[in-house]
Each structure stands twice: as C-alpha cells, then as structure tokens.
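In what follows, a single structure is set out as structure tokens and then discussed.
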Amino acid sequence: QVQLVESGGGLVQAGGSLRLSCAASGVIFSIGDMGWYRQAPGKQRELVATMTRGGISTYADSVKARFTISRDNTRNMVYLQMNSLKSEDSADYYCNANVRSLGDITPQPTWGKGTLVTVSS
C-alpha cells in the first residue's frame, strides 16, 4: 500500500557531493520519523540520519558536519545532502519511514529498495 522510492545515487569522486531523495507514495494517513540508513558489503545496516516530523534531526557521528537530512512533509519526501564524500561512505542507502496507512492502528516502519552510492578515491 505504501512505497518508498529512493533516487540520486551514483558514482562520485572522493570530496564530491550527492543528493539523495526518497518519495513516499500510496495510501498515507501520516508519516512520523523519516531517515536514511546504509549498508556496505559485508557490514550491517547502519543509521545515517533521521528526522522527526517536526524537524529534529539525528546523525551518525561518521557523517556529522558532512551530511544534511531534510524533509518536505507536504510532498512526503526526505532528502540527504552528502558533501565531502569519502570512500567509506560507499554503500547502498535505504530510505526508512514510519508510515500509517489504511488498516494501520500505529505507524509501520517501511523501507525503500535502496540506491547505490559509490565513492572513488
């Protein structure tokens, strides 16, 4: 009923920038926290950044001062501006949102399928 679709990944040189976008679509009554996670090959999925509906953000220590999360509640979208990219930022990036849809009593965690970010050194 609800889909999250990421876009904006790609190949970039170290020191460069990328902007990821995630759009939520479907039957949506409300969206709570939205965020970004990443998973590199052979590693566990880890939190990158999250933002509450009211705009309070949290970041992994590894991306603070380099990445910025933002969201547009009117369009059900969340963004991740990534600057000063490093090779260790290379991973699949996944959008996550707590979405209340048709039939949901409480918001349900929902995941996108991911977008690949590759940073060449």
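If the condition is being open to solvent by 70 Å² or more (accessible area, probe 1.4 Å) and either closer than 15 Å to Leu18 by Cα or touching a Phe, Trp or Tyr at 6+ places or on another chain (Cβ under 7 Å) (or both), then segment 86-106 contributes Lys86, Glu88, Arg100.
When Ala23, Ala60, Ala65, Ala49 are checked against the criterion of being among the small types (Gly, Ala, Ser) and buried (at least 18 other Cβ atoms within 10 Å of the Cβ), Ala49 stands alone in meeting it. The criterion of being loosely packed, with under 14 Cβ neighbours inside 10 Å and either under 20 Å from Gln108 (Cα atoms) or in contact with a Ser or Thr (Cβ under 9 Å, 6 or more places away or on another chain) (or both) holds for Leu11.
Thr110 meets all of the listed conditions (1) part of a strand (DSSP E or B); (2) surrounded by fewer than 18 Cβ atoms within 10 Å (Cβ to Cβ); (3) over 11 Å from the mean Cα position of the chain (by Cα) but one, namely (2).
The values are calculated or read from the model by the stated rules, or taken from the named source; none is laboratory data. Here the structure is a predicted model, which means the values were calculated and not measured. Glycine gets a Cβ as well: all are built from the backbone with ideal geometry, and neighbour counts include every protein chain shown. For the accessible areas, the whole protein counts, side chains as well, though only heavy atoms, and no ligand, DNA or RNA atoms are used. Shrake-Rupley method; radii C 1.70, N 1.55, O 1.52, S 1.80 Å.
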